[in-house]
């Protein structure tokens, strides 16, 4: 299994579970803490969407596209975490979310762009 597939299934499962768990602490636009991470209804929905898209990418073979998209999205969210919070008065992205989003973006970039599986065992026509 290549790194983008591992990334998609791991982050798909984790973000889906975090999205669902977030609803146990906040089902409105009011911000509450899930452990040390600020969440609200919109934040939970985004977590759930990111997770379900990751699972979909895993099962449809679109894992490289998913990883690259997550690298871009979470890179933007990392930068947005430094803006006044909650972002646009709607979504809390600061505090502990900043290093979490940065790590997610870096791992996604590695899975989508940096990592290349070994050519060993591949037919010569497929090697790069």
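Each reported figure results from applying straightforward, stated rules to the coordinates on display, with no laboratory input. For clarity, every value in this text was computed on a predicted model and none was experimentally measured. Positions of Cβ are backbone-derived with ideal geometry, glycine not excepted, and every protein chain shown enters the neighbour counts.
Here are the numbers:
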item	result
Single condition residue 107 does not satisfy, out of (1) in contact with a helix residue (DSSP H, G or I) (Cβ under 6 Å, 6 or more places away or on another chain); (2) outside any loop (DSSP other than H, G, I, E, B); (3) touching a residue at least 60 places away in the same chain (Cβ under 8 Å)	(1)
Exclusive hit being without any contact (Cβ under 8 Å) to a residue 40 or more places away in the chain, more than 24 Å from residue 110 (Cβ to Cβ), more than 10 Å from the chain's Cα centre (by Cα) and surrounded by fewer than 18 Cβ atoms within 10 Å (Cβ to Cβ), set 29, 21	21
In the stretch 64-93, the residues that are in a loop (DSSP other than H, G, I, E, B) and either surrounded by fewer than 16 Cβ atoms within 10 Å (Cβ to Cβ) or touching a helix residue (DSSP H, G or I) at 6+ places or on another chain (Cβ under 7 Å) (or both)	81, 82, 83, 84, 88, 89, 90, 92, 93
Test result for residue 61, on the phi > 0 side of the Ramachandran plot, in contact (Cβ under 8 Å) with a residue 24 or more places away in the chain and surrounded by fewer than 20 Cβ atoms within 10 Å (Cβ to Cβ)	no
Of all residues making up the stretch 49-58, the number that are surrounded by 17 or more Cβ atoms within 10 Å (Cβ to Cβ) and under 10 Å from the mean Cα position of the chain (by Cα)	4
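Here is a yes/no grid of residues against (1) over 16 Å from residue 39 (Cβ atoms); (2) touching a strand residue (DSSP E or B) at 6+ places or on another chain (Cβ under 8 Å):
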| site | (1), (2) |
| --- | --- |
| 51 | no, no |
| 54 | yes, no |
| 69 | yes, no |
| 75 | yes, no |
| 78 | yes, no |
| 87 | no, no |
| 90 | no, no |
| 96 | no, yes |
